[in-house]
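Q: Let me give you the structure first, and then I'll get to my questions.
Please treat every number below as a calculation from the coordinates, not as lab data. Keep in mind that what you see is a predicted model, and the values were worked out from it rather than measured. Cβ coordinates were reconstructed from backbone atoms using ideal geometry, including for glycine residues, and neighbour counts include every protein chain displayed.
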Amino acid sequence: MIVLRFVLLRLIQMIPALIGITIVAFLLLRVLPGDPASLLIGARGSTEEVEALRHQLGLDAPLWQQYLTFLGDMANGSFGQSITQRRPVATVVLERLPPTLVLIAYSTVLAIILTVPLAMLAAVRRNSWIDFAIKAVFVVAMSMPPFWLGVLLILLFGLKFPIFPVSGYGEGVFGHLWHLFLPAFVIALGTAALTIRSLRSSIIAVRTADFIDTARAKGLPENAVLRRHVLRNSLISTISVLSVHTSWIIGGTVVIEAVFALPGVGDLLVTSIFTRDYPVVQGLTVTFAALVMLISLITDVAYAAVDPRIRLE
Amino acid sequence: MTTTITETPTASPRQRRLPRLNPPLTAGLAMLVILLAAVLLGPLFSPYDPLKVDFAEALRPPGAVHWFGTDNLGRDVLTRVLAAGLVDLQIATVCVVLPFLIGSTVGAVAGYFGGLTDRILMRIVDILWAFPFYVLVIAIVGTLGPSTGNMYLAFTLVVWISFARIVRGEVLSVRQSEYVMAARLLGYSHLRIILRHVLPNAITPAIVYAMADVVLTILAVTALSFLGLGVQPPTPEWGVMIADGRNFIFDAWWISTFPGFAIIYTGIAFTLLGDGLDDLLRPKG
Amino acid sequence: MAPLLSVRDLVTVFESKTRPVQAVDSVSFEIREGEVFGLVGESGCGKSATCRSILRLFAGAPARITGGTIEFAGRDLTCLSEAEMTRVRGREIAMVFQDPMTSLNPTMRVGDQIAEGLIRHESIGRRAARLEAIELLKQVGVPSAEQRLDSWPHEFSGGMRQRVLIAIALACRPKLLIADEPTTALDVTIQDQILKLILRLREQYGMSVLLVTHDLGVVAQTCDRVATMYAGRIVETAETPSLFARPLHPYTIALLNSLPGGKKRSEPLQPIGGAPPNLADPPPGCRFHPRCSIAVEACRSTAPALLPVDAPHRVACLRRGAEPS
């Protein structure tokens with residue numbers, strides 16, 4: 001109940017920020033130099049054609065009127081009309097949303113699976129060769145272009161070891177998990193590079209805390225102490241690192257979707273940029289920002305679930 | 001009648017200790033020097049032209065003649081990787097320095113004056129913060145059309161908020177310090193106080209972050225070019241090269257692979273530099 | 001009857017960057033069944049290191065027992081493997097730490113923290129452990145124990161947290177309770193309650209207590225016997241009444257003089273001059289000599305042995321029996 005109230009309250013508090021987001025998304029396509037209409041028609045179009053298109057897109061109206069139209073389109077749930085698909089933007093975006101959501105969740109789970117054991121190993125064997133090896137691997141992972149890794153994995157799994165499909169979304173839950181494994185893994189590697197580093201140092205710090213000696217004095221073996229007492233307290237700071245990088249992780253899906261030809265919103269963004277489908281770009285920008293805010297809300301709830309001292313108010 | 005006022009009211013605790021190199025900093029600097037030497041001098045010594053098409057030499061695997069092989073247009077991959085390095089380093093530098101300057105200024109102004117200025121600026125920062133970095137950059141470059149100049153603009157518009165946040169936080173803590181108070185009492189102008197007393201003591205974390213940001217920026221610049229939204233072919237650029245090689249990945253792995261190694265190498269160099277600078281500049285304790 | 005715990009010539013070394021620090025230097029003492037034994041001294045004198053050595057718990061510090069034996073109920077604890085030690089900790093010897101504010105896991109409900117040891121050592125189920133935990137909370141005087149069982153540590157005051165920590169320690173009815181400065185971090189009024197609680201539980205459970213403190217007032221109130229530690233060594237040991245009636249070591253005397261009400265005459269309190277020595281580089285001879293008012297030349301070179309004056313009262317001082325100047 002408290003969680004529900006907190007979530008509702010936070011959703012209400014998000015409204016001003018969401019209005020700000022719509023303004024930015026709106027201005028993005030109108031204030032920047034460059035005219036969508038002439039870009040859309042291309043250099044060969046006549047002035048009359050450009051003017052006609054400007055009128056059709058509503059670009060000849062005053063800015064405030066355009067913004068009101070934009071808000072109206074959002075209020076009626078259509079987010080405007082897609083130029084290329086001639087359907088409401090909301091419909092186009094919503095049908096592309098599931099693969100991206102699955103990809104984000106999947107890669108986060110994989111990142112956690114990578115992070116927890118490796119960070120614990122590195123922390124417990126601090127300054128040993130295995131600690132340095134883990135550190136070295138993830139310094140490389142942090143500098144590795146995800147799209148490049150994606151291309152190499154496609155080479156590896158597409159040709160040499162065809163265990164995992166290298167493109168598409170698949171059918172059914174297991175089909176999705178199977179098809180999305182490689183892209184999710186690429187994203188997870190980048191995320192894990194950040195979280196392993198943070199969790200390792202946090203485990204090292206927590207292991208010297210007084211309450212850990214209390215746990216040891218009860219007669220718990222060291223692995224039970226780590227599992228039951230160290231890990232949960234160490235996760236607190238790692239969750240906040242993760243939440244700071246949420247937006248980076250979500251943005252990363254755009255490039256990965258393009259590499260693995262996944263029918264998600266990231267791929268839609270790139271395609272819409274090339275086809276100059278500005279209403280879709282605009283709708284997607286708002287969608288992505290809302291997604292970031294939603295996920296940061298989820299991290300806040302997770303934070304409170306792990307640390308009872310934080311009150312959801 | 002004139003009164004002499006001492007130049008500095010109270011000595012600012014600027015770090016004046018001798019820079020002592022630590023292992024990550026030394027390694028990072030060494031890697032950077034090698035990188036710069038390679039991208040600046042390499043193309044001069046290379047017998048190949050990064051742009052010259054020679055179909056007779058197309059898709060040669062790495063060997064004694066072409067160390068990194070050749071691409072589908074017969075261009076020497078090593079020469080192109082080095083030439084691309086210069087392009088990417090230039091772009092990355094501008095894409096970090098511009099947001100650094102703008103963001104630090106905004107952060108310093110917001111933190112120093114506080115009040116309404118601070119609240120408005122930080123509200124803008126908060127709203128921009130909600131947009132995923134890649135989404136915003138792609139939307140801006142996509143709207144303006146792909147070009148290097150538009151990339152500079154896009155990165156500046158998006159990245160300044162990070163520096164603004166960092167510097168503002170630091171300035172807030174420096175603002176209350178005695179030497180800033182003393183400078184204020186002596187009636188120095190705000191500009192002078194910010195430039196001479198506040199910023200030098202608040203900029204360190206931003207410099208350390210800038211090193212990490214170079215890594216992120218190179219990844220983003222190459223990603224944009226890979227998607228076709230950044231540097232355009234035939235200009236040699238790592239992301240463009242990886243995208244080009246992608247069509248031949250099953251026959252000629254080397255075209256895409258080597259530019260990736262170059263990106264990783266550069267990333268490690270700057271990661272080490274950032275870690276080293278962090279150790280060197282951050283006050284102990 | 002053999003004592004419950006018998007520590008012989010214990011040496012514990014802490015590794016450090018510069019040179020190893022011998023925090024515990026040939027310490028010997030014994031604790032009988034049902035007895036409260038006090039270990040008293042300034043902070044940094046090695047009393048915490050001594051009792052942490054018994055359980056081999058050093059809070060992640062690079063410490064090693066390099067010599068001596070710790071015989072407990074017929075076994076030498078220094079010879080046990082780490083796995084064997086986990087069966088001693090909590091079940092046979094339990095420990096309560098100094099700071100109740102940081103000694104409870106902030107992310108675990110107190111009931112679970114109490115039940116944890118029970119489930120581990122007594123092979124009982126969660127429900128039984130929970131009932132037992134309620135009983136323990138009642139024992140240590142936490143009001144409305146049933147409701148408090150599911151509270152988080154941050155919902156308790158310092159004194160209540162120390163009660164919870166005592167409940168955790170007592171869960172498996174240990175034969176020996178080590179209490180490392182259990183009242184130092186608490187308000188004076190709470191201190192008294194906690195000491196009385198420990199004494200009452202000692203009676204009830206028939207256990208022995210090793211009480212570490214820097215406060216001779218606490219010793220007078222609670223301990224049957226007491227040892228004074230200085231710079232890693234025991235300098236005097238006696239039954240409590242004997243120590244207070246006739247302190248022999250100049251350091252013990254100085255400690256008593258710095259205690260309000262510890263002196264019968266209405267003289268001003270005397271702080272001990274000088275500072276305790278650096279254990280990485282201790283002074284030769286008697287380690288107290290630089291601060292001692294009755295030191296003679298021999299004290300600079302000869303380390304005094306702990307010798308009996310009358311049977312249970314022993315002191316390590318070359319000038320024992322000499323009148324303080």
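Q: Local charge sum around B:Met151 (other residues, Cβ-Cβ under 14 Å, Lys/Arg +1, Asp/Glu -1)?
A: Counting the neighbours of B:Met151, the net charge comes to -2.
Q: Quick one: order A:Arg54, A:Arg87 by neighbouring beta-carbon count within 10 Å, fewest to most.
A: Sorted ascending by nearby Cβ count, the order is A:Arg87, A:Arg54.
Q: Please give me the summed charge of the neighbours of C:Gln98: other residues whose Cβ is under 10 Å from its Cβ, Lys and Arg +1, Asp and Glu -1. Spell out each step's value before the answer.
A: Numbers: positive: none; negative: A:Asp210, C:Asp99, C:Asp180, C:Glu181.
Neighbourhood net charge equals -4.
Q: I need the calculated FRET efficiency for the pair C:Ala2 and C:Val309, taking r as the beta carbon distance and R₀ as 22 Å, to the nearest 0.05.
A: Details: r = 24 Å, r/R0 = 1.11.
Rounded to the nearest 0.05, the efficiency is 0.35.
Q: Find how many whole Å separate the alpha carbon centroid of the range B:66-122 from the alpha carbon centroid of the range A:276-313.
A: 27
Q: What trypsin sites (Lys or Arg not before Pro) does the range C:37-114 have in DSSP loop regions with at most 14 other beta carbons within 10 Å? Spell out each step's value before the answer.
A: Details: sites: C:Lys47, C:Arg52, C:Arg56, C:Arg64, C:Arg75, C:Arg87, C:Arg89, C:Arg91, C:Arg109; in loops: C:Arg56, C:Arg91, C:Arg109.
For trypsin sites (Lys or Arg not before Pro) across the range C:37-114 that sit outside H, G, I, E and B with at most 14 neighbouring Cβ atoms in 10 Å, the list is empty.
Q: Around B:Gly111, under 13 Å between beta carbons, what's the net of Lys plus Arg minus Asp minus Glu among the other residues? Could the numbers behind the result be given before it?
A: Details: positive: B:Arg119, B:Arg165, B:Arg168, B:Arg175; negative: B:Asp118, B:Glu170.
Around B:Gly111, the charge tally is +2.
Q: I would also like to ask the following. How high is the relative contact order of chain B? Use alpha-carbon pairs under 8 Å, at least six apart in sequence, and give a whole percent. Each step should come with its number before you reach the end.
A: Numbers: 416 pairs, mean separation 78.7, N = 285.
Once normalised by length, the contact order is 28 percent.
Q: So, one more: Antiparallel DSSP bridges in chain C: what percent, to the nearest 5?
A: Numbers: 28 of 47 bridges.
Antiparallel: roughly 60 percent of the beta bridges in chain C.
Q: Return the long-range amide H neighbours of C:Ile178 (sequence gap of 5 or more, or a different chain), with a cut-off of under 5 Å between placed amide H atoms.
A: C:Ala94, C:Met95, C:Val96, C:Leu210
Q: Taking H placed 1.01 Å from N in the peptide plane, check which residues at least 5 places from A:Leu262 or on another chain put their amide H under 5 Å from its amide H.
A: So A:Leu262 has HN proximity to A:Gly168.
Q: Same structure, new question: Share of antiparallel DSSP beta bridges in the protein assembly as shown, in percent to the nearest 5? Please report the intermediate quantities before stating the final value.
A: Details: 30 of 49 bridges.
Antiparallel bridges make up about 60 percent of those DSSP assigns within the protein assembly as shown.
Q: Separate question: Could you work out which residue, out of B:Gly63, B:Gly74, B:Gly274, moves most in a Gaussian network model of chain B, that is, has the largest mean-square fluctuation with Cα springs under 10 Å?
A: Residue with maximal mean-square fluctuation among B:Gly63, B:Gly74, B:Gly274: B:Gly63.
Q: GNM on chain A, C-alpha springs below 10 Å: top fluctuator among A:Gly283, A:Gly158, A:Gly252?
A: Checking each option, the largest mean-square fluctuation is seen for A:Gly158.
Q: Please count, across the protein assembly as shown, the pairs of lysine residues with Cα atoms under 19 Å apart that sit 8 or more places apart or on different chains. All intermediate terms of the calculation are to be shown ahead of the outcome.
A: Working: A:Lys218/C:Lys175; B:Lys284/C:Lys17; C:Lys138/C:Lys196; C:Lys175/C:Lys196.
Pairs that pass both the separation and distance tests number 4.
Q: Just want the answer: with Cβ charges of +1 for Lys and Arg and -1 for Asp and Glu, which residue in C:Phe72, C:Leu210, C:Leu136 is farthest toward the dipole's positive end in the range C:5-223?
A: Towards the positive end, the residue furthest out is C:Leu136.
Q: Who wins for biggest fluctuation among B:Leu41, B:Leu59, B:Leu29 in a Gaussian network model of chain B, springs between alpha carbons below 10 Å?
A: Among B:Leu41, B:Leu59, B:Leu29, the largest GNM mean-square fluctuation belongs to B:Leu41.
Q: Answer with one residue from C:Ala59, C:Leu256, C:Leu307: the one whose Cα lies farthest towards the positive end of the charge dipole of chain C, charges on Cβ with Lys, Arg +1 and Asp, Glu -1.
A: Value: C:Leu307.
Q: Okay, next question. What distance in nm separates the simple spin-label points at B:Val53 and C:His154, each placed 7 Å from Cα in the Cβ direction?
A: With each label point 7 Å from Cα toward Cβ, the separation is 6.6 nm.
Q: Right, something else. Looking only at the range B:154-187, which residues have a backbone nitrogen under 14 Å from a spot 7 Å from the Cα of B:Thr105 in the C-beta direction?
A: B:156-157, B:160-161, B:164, by backbone N distance to the label point.
Q: Simple spin-label model, 7 Å along Cα-to-Cβ: A:Glu171 to A:Ile113 in nm?
A: 2.4
Q: For a paramagnetic label modelled at 7 Å from the Cα of A:Ile2 toward its Cβ, which residues of the range A:281-313 fall within the zone defined by backbone nitrogen distances under 17 Å?
A: Backbone N within reach: A:300-313.
Q: Restricted to Cα positions, what overall size does the protein assembly as shown have along the principal axes? Three whole-Å values, descending.
A: Cα extents, longest axis first: 116, 77, 71 Å.
Q: Quick check: the angle from helix C:126-139's long axis to the longest principal axis of chain C, C-alpha only, nearest 10 degrees?
A: Approximately 50 degrees, to the nearest 10.
Q: State whether chain A is rounded, prolate or oblate according to the following rule on the C-alpha gyration tensor (a ≥ b ≥ c being the square roots of its eigenvalues): a/c under 1.5 gives rounded; otherwise a/b larger than b/c gives prolate, and the remaining case gives oblate. Before the final figure, lay out each step's value.
A: Working: a/c = 2.80, a/b = 1.74, b/c = 1.61.
In terms of gyration-tensor shape, prolate.
Q: Another one. Put +1 on the Cβ of every Lys and Arg and -1 on every Asp and Glu Cβ in the protein assembly as shown; which of A:Phe6, B:Leu35, A:Ile310 then has its Cα farthest towards the positive end of the dipole?
A: The residue sitting farthest along the positive end of the dipole is A:Ile310.
Q: Using the Cα centre of chain C as the reference point, and only Cβ charges (+1 on K/R, -1 on D/E), how large is the resulting charge dipole? Debye, rounded to the nearest 20.
A: Numbers: 38 positive and 35 negative charges, 21 e Å.
So the dipole magnitude of chain C works out to roughly 100 debye.
Q: Among the helices of chain B (complete DSSP H runs), which have Cα atoms covering no less than 27 Å along the helix axis and a Kyte-Doolittle mean of at least 1.6?
A: Numbers: long enough: B:23-45 (32 Å, 2.13); B:77-113 (53 Å, 1.72); B:148-175 (38 Å, 0.93); B:204-227 (34 Å, 1.89); B:254-281 (40 Å, 1.08).
Once both thresholds are applied, what remains is B:23-45, B:77-113, B:204-227.
Q: Quickly work out the A:Ser128-to-C:Ala83 label distance, labels modelled 7 Å from Cα along the C-beta direction, and quote it in nm with one decimal.
A: Between C:Ala83 and A:Ser128, the simple spin-label model gives 1.7 nm.
Q: Taking amide H atoms as placed 1.01 Å from N in the peptide plane, list the residues 5 or more away in sequence, or in a different chain, whose amide H sits under 5 Å from that of B:Thr70.
A: B:Leu59, B:Arg60, B:Val77
Q: Here is a further query. Among A:227-238, C:4-15, what's the highest-first ranking by average C-beta atoms within 10 angstrom per residue? Intermediate values should be presented prior to the final figure.
A: Details: A:227-238: 20.7, C:4-15: 18.8.
In descending order of packing, they fall as A:227-238, C:4-15.
Q: Could you run the Karplus curve 6.51 cos²θ - 1.76 cosθ + 1.60 with θ = phi - 60° over the range C:192-204 and give me ³J(HN,Hα) per residue in whole Hz, x for Gly and Pro?
A: 3J(HN,Hα) across the range C:192-204, in whole Hz: 4, 4, 5, 4, 4, 4, 4, 5, 5, 5, 4, 4, 5.
Q: Could you tell me whether the range C:230-315 comes out rounded, prolate or oblate from its Cα gyration tensor? Rule is a ≥ b ≥ c as square roots of the eigenvalues, rounded for a/c under 1.5, then prolate if a/b exceeds b/c, otherwise oblate. Display every interim value, and only then the final one.
A: Working: a/c = 2.05, a/b = 1.25, b/c = 1.64.
Note, shape of the range C:230-315 comes out oblate.
Q: Could you give each residue of the range A:149-165 its phi-based ³J(HN,Hα) in whole Hz, using Karplus coefficients 6.51, -1.76, 1.60 with θ = phi - 60°, and x for Gly or Pro?
A: Here the 3J(HN,Hα) series is 4, x, 4, 5, 5, 5, 4, 5, 8, x, 10, 7, 10, x, 8, 10, x Hz.
Q: With everything on Cα atoms, drop me the angle between helix A:231-244 and the longest principal axis of chain A, reported from 0 to 90° to the nearest 10.
A: 20
Q: Please list 3J(HN,Hα) in residue order for the range C:151-164, calculated via the Karplus relation 6.51 cos²θ - 1.76 cosθ + 1.60 where θ = phi - 60°; whole Hz, with x for glycine and proline.
A: 7, 8, x, 5, 8, 10, 7, x, x, 5, 5, 5, 5, 4
Q: With axes computed from alpha carbons, what is the tilt in degrees of helix C:110-122 against the longest principal axis of chain C, rounded to the nearest 10 within 0 to 90?
A: Its long axis makes an angle of about 90 degrees.
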